[in-house]
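K.L.:
Here it is: the structure, laid out below.
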Amino acid sequence: MNRTRFLFALTGLAAASMFAAGPASSDDLHLRLVSSAPEADSTVAPPSEIRLTFSQVPQEGSTSVRLLDHAESLIETGKITHSGDGEIFHAPVGTTLADGSYTVAWRTMADDGHVIRGEIPFVVKSGTIQP
């Protein structure tokens with residue numbers, strides 16, 4: 001194989017290896033909610049806390065949660081805190097929730113200033129066994 005063909009083949013292999021892993025997905029680049037407890041549309045025993053896990057560390061002090069009952073009345077939660085890695089947030093539920101429908105309304109902000117928010121509907125049923 002002559003030198004030109006060898007360099008051409010080598011360049012092709014290098015280019016192919018750059019694209020083999022594929023581009024990063026937009027999910028990897030942007031802050032998003034990864035999981036929650038309670039999970040959306042789940043039926044649970046009265047939770048002692050609301051837990052949100054994000055794909056990245058949100059901007060300091062930007063994450064908030066509001067717990068609402070079926071009539072959209074605000075139910076007080078404790079101060080929201082985050083765990084060591086900064087991606088998991090916890091807000092204690094200050095009272096035992098009665099059976100019924102609830103919604104967690106959450107909001108946070110990425111380091112680039114992009115605000116994301118969402119709602120997590122769930123149902124409380126006493127006697128439900130937690131996974």
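The values are calculated or read from the model by the stated rules, or taken from the named source; none is laboratory data. Predicted model, so just to flag it, every value in this text is computed and none were measured. Cβ coordinates were reconstructed from backbone atoms using ideal geometry, including for glycine residues, and neighbour counts include every protein chain displayed.
K.L.:
Applying the selection to the stretch 103-116, what residues are without any contact (Cβ under 8 Å) to a residue 40 or more places away in the chain and either crowded, with 17+ Cβ neighbours inside 10 Å or within 19 Å of Ser42 (Cα to Cα) (or both)?
P.N.:
Thr103
K.L.:
Here's something else I'd like to know. Give Gly118, Gly94, Gly22, Gly100 a once-over and let me know the one that is over 19 Å from the mean Cα position of the chain (by Cα) and modelled with pLDDT of 95 or more.
P.N.:
Only one candidate qualifies: Gly100.
K.L.:
Out of all the residues in the stretch 32-42, which are out of contact with any Ser or Thr (no Cβ under 6 Å at 6 or more places or on another chain) and in a strand (DSSP E or B)?
P.N.:
If the condition is that a residue be out of contact with any Ser or Thr (no Cβ under 6 Å at 6 or more places or on another chain) and in a strand (DSSP E or B), then Leu33, Ser36, Ala37, Ser42 are the ones that fit.
K.L.:
If you don't mind, there's one more thing I want to ask. Among residues belonging to the stretch 66-86 that are touching a Leu at 6+ places or on another chain (Cβ under 9 Å) and of a type in the set (D, E, K, R), point out the one that is nearest to Arg32 (Cα to Cα).
P.N.:
Within the stretch 66-86, the match that is nearest to Arg32 (Cα to Cα) is Arg66.
K.L.:
So, of the residues in the stretch 52-91 that are within 19 Å of Ser126 (Cβ to Cβ) and assigned to a strand (DSSP E or B), which turns out to be nearest to the chain's Cα centre (by Cα)?
P.N.:
Step by step, filter the stretch 52-91, then rank; the result is Leu67.
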